[in-house]
Amino acid sequence: MNIAANNPALTSWVEVPENSDFPIQNLPFGIIQLNGDSPRVASRIGDFAIDLKTLFVLGYLDNTPFTLEDFDTKTLNQMMMKGKTGTRQLRDRISKLFSTEHDDLQKNEHHVSQILIPMAQVSMEMPIYSRDYTDFYSSEQHAFNVGCLFRDPDNALLPNWKHIPVGYHGRASSIIVSGQDIYRPKGQKKPPSADVPVFGQSNLLDFELETVFFTYQGKPLGDVISTDEADDFIFGMALFNDWSARDIQGWEYVPLGPFLGKSFASCISPWIVTIDALEPFRIPGPKQDDPKILPYLEYKDDKHIDIKLDVIIQPENGDENIVGQSNYKYMYWNMNQQLAHHTVNGCNISCGDAMGSGTISGPEEGMYGSMLEISWKGTKPFKMSDGTERKFINDGDTVIMRGFSEKDGVRIGFGEVATKVLPAK
Ligand code: CA
């Protein structure tokens, strides 16, 4: 796929720090808020937000399908209603405006100072309104580890796992943006030693290292999106910490699956990196012939993506500790398969729907995406640099996830999702 804005040779007249997640080849989308001003749609280059409302008002987005209302708003949904063709055209236009090959904008310093806003001056808002949130369970190593921990290492994967991209319907209302603190949840749990359940705060609070993708408007109820068509319905991705209270989850999940152990919070990174920007990092996925998958899940070309992922615990006033290093490439099921499966029964999807990958764990120790696996259900505590240990997450800890793809000297990053845990209310 030849997308002009992805050209690794492109450079910008805006200074971009070395190893920045946001070179001119990225140009993600988010919602910024400036002091006292209304929230608006933005992109980003280096350490600057690009105010797309002002860019539009000053005429730099003329002859695109967009209107002022698409940018003068508190979510990306309206802009996303223009579909893949529209958002690709928008990203290409921004790329041209900030490329060293074009000086239409650069030569107008008065405009530049209104459009480029130092990141230190803006706050990042929740970028997308998601009417629905679906969480998959698509990393084989994670499903295997959980199967070993809770069932039997000889039959760790349930019989359906390699036939179905397993998923469940999560809680969209509690998806929040990086930087917002969460409270330790409370609920009903049944410790192994107890005869009856007890009520109290979760003592086994855990993160899940995931990515999330957001959809464009889908098809009418009853229609199906094939793996071939799925690319046209996927807007972009963010980092995703899908919090879990393991003790609440363990008691409630049979027979209908996750509920209060999951619904209290899921956190996303604020910049949505477009699938277009990630196209250069596509790689082949695992063989899916043992067992052979059903025809509706087969796909063409490379649909997996190489995205390095780190998860970090930072105690209150302490240093960052990397507790896991994984990669999105370890997914068994890719996004095209997830979307094809989601809609194969005729289920409709909406503009802005959130689809979680499921915890992404790599094949070796050190590559796991949850404390459940890292501490092997509390039996192998993680040793922190300050001498303390973690089996799960303590009050005052901040959990940080970072991720980026890199190839041909171009690094496309997501920034981070960072969330601090406050004591139970
Ligand atoms: Ca999850």
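None of the figures in this text is laboratory data; all of them are computed from the coordinates on show. None of these values were measured; they are calculated from a predicted model. For neighbour counting, all protein chains shown are included, and Cβ atoms are generated from backbone atoms with ideal geometry for every residue, glycine included.
Side notes on the structure shown:
- Peptides 290-298, 407-415 ranked from most to least packed by the mean count of surrounding Cβ atoms within 10 Å: 407-415, 290-298.
- Value of Rg to Rh for the chain (Rh from inverse mean 1/r over Cα pairs, i.e. Kirkwood): 0.97
- For region 4-125, diffusion coefficient by Stokes-Einstein and Kirkwood Rh (Cα), 4 °C, 1.567 mPa s, µm²/s: 90 µm²/s
- Student exercise, the chain dipole from Lys, Arg, Asp, Glu Cβ charges, in Debye to nearest 20: 880 debye
- For region 130-237: rounded, prolate or oblate by the Cα gyration tensor [a/c cutoff 1.5]: oblate
- Calculated SAXS-style log₁₀ I(q)/I(0) at q = 0.13, 0.14, 0.22, 0.27 Å⁻¹ - region 229-300, Debye, Cα scatterers: -0.73, -0.81, -0.96, -1.07
- The fewest-to-most ranking of THR75, THR67 by surrounding Cβ atoms within 10 Å reads THR67, THR75.
- Relative contact order of the chain, pairs being alpha-carbon contacts under 8 Å that are 6 or more residues apart, as %: 21 percent
- Radius 15 Å from Cβ of ASN155, net charge of other residues (Lys, Arg +1; Asp, Glu -1): -1
- Proxy reagent accessibility, fewest Cβ within 10 Å first, across CYS148, CYS351: CYS148, CYS351
- Here the Karplus curve 6.51 cos²θ - 1.76 cosθ + 1.60, taken at θ = phi - 60°, turns the phi angles of region 363-375 into couplings of x, 10, 4, x, 10, 8, x, 8, 5, 3, 7, 4, 9 Hz, with x standing for Gly and Pro.
- Cα gyration tensor shape for region 282-425, rounded if a/c is under 1.5, else prolate or oblate: prolate
- For the set LYS219/LYS407; LYS287/LYS308; LYS303/LYS391; LYS262/LYS380; LYS74/LYS425; LYS308/LYS377, the pairs lying more than 27 angstrom apart at their alpha carbons are LYS219/LYS407; LYS303/LYS391; LYS74/LYS425.
- Tail weight of P(r) past 17 Å, computed on alpha-carbon pairs of region 314-367, percent: 57 percent
- Spatial separation of Cα centroids for region 1-36 and region 253-269, in angstrom: 34 Å
- Sorted largest first, extent of region 1-54 alpha carbons per principal axis (Å): 38, 26, 17
- For region 374-425 versus region 42-83, the spacing of their alpha-carbon centroids is 33 Å.
- Virtual spin-label span in nm between ILE322 and VAL57, 7 Å along Cα→Cβ: 4.3 nm
- Exposure proxy ranking for MET401, MET79, based on other Cβ atoms within 10 angstrom of each Cβ and starting from the fewest, stands as MET79, MET401.
- Sorting the segments 303-312, 263-272, 116-125 by their residues' average number of neighbouring beta-carbon atoms within 10 angstrom, most packed first, yields 263-272, 303-312, 116-125.
- For region 183-246, the Kirkwood estimate of hydrodynamic radius, built from reciprocal distances between every pair of different alpha carbons, is 15.5 Å.
- For GLY324, the amide hydrogen comes within under 5 Å of the amide hydrogens of VAL311, counting only partners 5 or more places away or on other chains and with H modelled in the peptide plane.
- Per the Cα gyration tensor, region 285-329 maps to an equivalent ellipsoid with semi-axes of 37, 11, 8 Å, ordered largest to smallest.
- Look at the dipole of region 4-125 built from charges on Cβ: of PHE98, GLY30, GLN121, the Cα furthest out on the positive end belongs to GLY30.
- Charge context of GLY167, other residues only, Cβ under 13 angstrom, K/R +1, D/E -1: -4
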